[in-house]
Amino acid sequence: MTDLRELIRQGEGERLEFKKRTTHPTRIARTLASLANTHGGRVLVGVDDDGRIVGVRDAEEEIYQLRQAAQHYIDPPLELRFKEVEAEEDRVVVVVTVAESPHKPHRAQVAEGDWRAYVRVRDESVQTSQLTEKALERADAGPRFERIPLNKEELAVLDYLQKNPRITLAQYMKLLNIGQRRAYRTLIKLTLHGYIKHHDKQKEVYYTL
């Protein structure tokens, strides 16, 4: 129980997601795939967005739905670990552990015949571009990523980091006067290719060389 409280205190982030309940396998599949495609992490089922423990009605049903999502709505399928934690007032929270996968990218089914890959950025599951998927595939080959030619927007990040210790998403958007989605995509690409490092231990996510 103390461990659960500690986890909740960290708040949602790159490696942690709160879910009140598993409504449908397709929805949770995106979260599970994004964790496996990034650094792994945990999903706390029975905890709402503000960190309040609401518990689950039927832990076995939740685990069944999660297994269905991992086996049938994610390709290649994922193996999950489950732990039931009893909180106050007999409320049960299902702690789902997703390991970082050696078989990236994992794609989640979003509709019939439509499978998409996701990565974890801050506390969101963000759909990848084809380029990011290729970077994920290359990550299997070893810890070193293939360096690729960079465009002006990407080089601007590296140039900024040569002169400054860190950069945030907001700073990068302001630096180049671009939107959040485009900025996210560039920072993901640079992280996955090993040019920059992603840090999420503090309140605001930042990037360093």
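Quick look at the values:
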| read-out | value |
| --- | --- |
| Residue list for segment 19-46, restricted to those being assigned to a strand (DSSP E or B) and within 9 Å of the chain's Cα centre (by Cα) | Gly41 |
| Residue in segment 57-73 that is of a type in the set (Val, Ile, Thr), at pLDDT 95 or above and assigned by TED's automatic domain parsing to the domain that holds Ala36 present | yes |
| Residues being among the hydrophobic types (A, V, I, L, M, F, W, C), outside any strand (DSSP E or B) and surrounded by fewer than 17 Cβ atoms within 10 Å (Cβ to Cβ) - total across segment 58-102 | 1 |
| In segment 192-206, the residues that are more than 12 Å from Arg122 (Cβ to Cβ) and either assigned by TED's automatic domain parsing to the domain that holds Gly13 or buried (at least 18 other Cβ atoms within 10 Å of the Cβ) (or both) | Leu192, His193, Tyr195, Ile196 |
| Residue among Arg138, Arg147 that alone is of a type in the set (Lys, Arg), modelled with pLDDT under 90 and exposed (fewer than 15 other Cβ atoms within 10 Å of the Cβ) | Arg147 |
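Each row is one residue, and each column tells you yes or no for (1) of a type in the set (Ser, Thr, Tyr); (2) modelled with pLDDT under 90; (3) within 17 Å of Pro105 (Cβ to Cβ).
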| residue | (1), (2), (3) |
| --- | --- |
| Gly11 | no, no, no |
| Arg21 | no, no, no |
| Arg27 | no, yes, no |
| Ala33 | no, no, yes |
| Ala36 | no, no, yes |
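The values are calculated or read from the model by the stated rules, or taken from the named source; none is laboratory data. Values in this document were obtained by computation on a predicted structure and should not be read as measured data. Every residue, glycine among them, receives a Cβ derived from its backbone with ideal geometry; neighbour counts consider all protein chains shown.
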